[in-house]
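The values are calculated or read from the model by the stated rules, or taken from the named source; none is laboratory data. Everything numeric here is computed off the predicted structure, so don't read it as measured data. Positions of Cβ are backbone-derived with ideal geometry, glycine not excepted, and every protein chain shown enters the neighbour counts. Surface areas here come from the heavy atoms of the whole protein model, side chains and all, with no ligands, DNA or RNA. Shrake-Rupley method; radii C 1.70, N 1.55, O 1.52, S 1.80 Å.
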Amino acid sequence: TPASAFGYDIREGEVILGGLRDESWSLSEIVIPEKIGGYPVTSIGNDAFWNCRNLTSIEMPEGITSIGVAAFYGCSSLTSIEIPEGVTSIGPEAFYHCRSLKSIIVSQGSYAEQWAKDEGYADILVLK
């Protein structure tokens, strides 16, 4: 997915992804780039992909460390997501109303594994 498809902010030399630009809301598959404008993408901001109902898959780079509040809220077609091992923060309701979600793939022993268990996703948790 080209960097031009995303809205974002650059803070302290790092990119905080704000979501998709209007013309990109209909995308079903998204690959978040490792860098935008030469800066590493480290965070998915609050409400970034809120109600992206067509979104079925998203690929995040390993450099992501934070997933914001309600980042994927209402992504009702999202079926699977792999959370990078370096993620150390996942906001409340990050995947709320993702009714088609069948698997959350995480590294064993990672923050995301414990988060998934704490949030009631143990039945769809896949360890890698």
What does the charge count near Ser43 come to, summing +1 for each Lys or Arg and -1 for each Asp or Glu among other residues with Cβ under 12 Å from its Cβ? -2
What per residue convex hull volume, in Å³, comes out for the stretch 46-128 when only alpha-carbon positions are used? 75
For the stretch 4-128, the per residue accessible area (1.4 Å probe, Å²) is 51
Within the accessible area of the stretch 77-128 (1.4 Å probe), percent carbon and sulfur: 46
With -39,500 (n - 2.57) per DSSP H segment of 4 or more residues and division by the full residue count of the chain, the 222 nm estimate, nearest 500 deg cm²/dmol, is -1500 deg cm²/dmol
For Lys35, which lysines qualify as cross-link partners when the Cα separation must be under 29 Å and same-chain residues fewer than eight apart are set aside? Lys102, Lys128
Mind listing the long-range amide H neighbours of Leu20? Cut-off is under 5 Å, sequence gap 5 or more, other chains count too, H placed in the peptide plane at 1.01 Å from N. Gly7
Given labels modelled 7 Å from the Cα in the Cβ direction, how far is it in nm from Tyr39 to Arg11? 1.1
Surface/4 estimate of mean projected area, convex hull on alpha-carbon atoms of the stretch 49-97, nm²: 2.9
Under Karplus coefficients 6.51, -1.76 and 1.60, residue-wise ³J(HN,Hα) of the stretch 63-74 in Hz, glycine/proline x: x, 5, 10, 9, 10, x, 4, 6, 4, 10, 3, x
Convert each backbone phi in the stretch 7-20 into a coupling constant with the Karplus relation 6.51 cos²θ - 1.76 cosθ + 1.60 (shift: θ = phi - 60°), then list the ³J(HN,Hα) values in order as whole Hz, x for Gly and Pro. x, 7, 10, 10, 10, 6, x, 10, 8, 10, 6, x, x, 9
For the stretch 72-124, which trypsin sites (Lys or Arg not before Pro) pass both filters: DSSP loop (anything but H, G, I, E, B) and at most 15 other C-beta atoms within 10 Å? Arg99, Lys102
Stokes-Einstein, Kirkwood over Cα pairs, the stretch 1-75, 10 °C, 1.306 mPa s; D in µm²/s equals 132
In the stretch 1-95, which GluC sites (Glu not before Pro) are in a loop and have at most 12 other Cβ atoms within 10 Å, using DSSP for the loop call? Glu12, Glu62
Percent carbon-and-sulfur accessible area, the stretch 16-74, ignoring ligands, DNA and RNA, probe 1.4 Å: 47
Additional length obtainable on full extension of the chain from Val126 to Gln114, 0.36 nm per residue less Cα span: 3.1 nm
Using a 7 Å offset from the Cα along the Cα-to-Cβ direction at both Ser26 and Ser100, what is the distance between the two label points in nm, to one decimal? 1.6
